[in-house]
Amino acid sequence: MKNLPLKNSSYKIILQDFKQWLDLLGFAETTVYNLPIHLQEFFYYLEEHNINNIKNITVQTIKNYYQQLKERPNKRQGAGLSNAYLNKHQQALQKFREYLKTHGNNHLKVHLKKETGNQRDTLTVLNQKEIKQLFTATNYSHQNKKFRSRDKAILVCLYSCGMRRNELENIKLKDILFDKERIFISKGKNYKERFVPINKYNLQLLEEYIYNYRPLFYKANECESLLLNYRGKTLKGQSFANRLKEIIIATENENLIKRNITPHSLRHSIATHLLEQGADIEQISKFLGHSSLESTQIYTHFLAMPSDMKFTNIPKQRWKK
């Protein structure tokens, strides 16, 4: 249904922005591709019924839409739509509702059954005090010091360098360019390469891990990955989330523990903090490896934070061309 034509210019803009929002939140490429297609079908339905403003959507509109989905045949197989396919349409509208709430529009009150598992918050941003608490907690986040040092390295990469999980997973020792105060990311999103600036303080944390504690991991000299697990293999994506959870628990901050903080939340945080410090949005876009400036502009939503949440003491990244 991806070829359904839309006439309403506002629906076209919303659809494009919705896709960029999903991409920014770190959803899988298949999700970023498929959910907008389902939403496009919903918009097409609205146009067909002369509903040209999302403010005119009612609960009955949603019910009628789902009834049509249940009745319409699968264009490829001829039979009706599967429950799995119908569920994807539900997920698309549920995420669209979150998108509207994030952008200050609470109108679309779709009474859908909440999805279980793999639920993600909208943008979650930590403040300065909370980030400091995370780094402090790495002093006692594990009983073994080599794992605590690795926890520090994880925070440096996810927060200070704004890396995605898959990017961190693929960082090799040779990618840490100490002399240039850069980290080379060879496997960014869509296979894009980039250099990320890193200040001296964070480099020291990585240096301590690499030279003092990484050699203590099992068969450390047989793997080139920056971060190792206890078997001496590459630390994988879910392990980053697990270690972050343990770091958060170590803070004993009930507010942090209750929130759904993911590795991607740290990437959101550094982007917002750099904007608050007055960094140029184009430089931030390059720093994050965004394919378009529009993806970065969503962080301007957070510039209206209360003053007690402003970050003013974060070491400046060095922006070199």
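Structural remarks
- Filter result for the condition that a residue is under 22 Å from the mean Cα position of the chain (by Cα) and within 17 Å of residue 235 (Cβ to Cβ), over 210, 183: 183
- Residue in the range 170-182 that is in a strand (DSSP E or B), touching a Leu at 6+ places or on another chain (Cβ under 7 Å) and under 29 Å from residue 23 (Cβ atoms) present: yes
- The residues of the range 56-86 that are closer than 16 Å to residue 38 by Cβ, of a type in the set (S, T, N, Q) and modelled with pLDDT under 80, listed by number, are 74, 82, 83.
- All positions within the range 190-239 that are of a type in the set (Lys, Arg), surrounded by 12 or more Cβ atoms within 10 Å (Cβ to Cβ) and over 24 Å from residue 289 (Cβ atoms): 214, 233
Here is a yes/no grid of residues against (1) among the charged types (D, E, K, R); (2) touching a strand residue (DSSP E or B) at 6+ places or on another chain (Cβ under 9 Å):
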| site | (1), (2) |
| --- | --- |
| 149 | no, no |
| 173 | no, yes |
| 187 | yes, no |
| 198 | no, yes |
| 207 | yes, yes |
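- Taking (1) touching a Leu at 6+ places or on another chain (Cβ under 8 Å); (2) part of a loop (DSSP other than H, G, I, E, B) in turn, residue 163 satisfies each apart from (1).
- Screening 69, 39 for residues that are under 21 Å from the mean Cα position of the chain (by Cα), assigned to a helix (DSSP H, G or I) and not β-branched (Val, Ile, Thr) leaves exactly one candidate, 39.
The values are calculated or read from the model by the stated rules, or taken from the named source; none is laboratory data. Quick caveat: nothing in here was measured; it's all calculated off a predicted structure. Because the Cβ atoms are built from the backbone with ideal geometry, glycine has one as well, and the counts that use them run over all protein chains shown.
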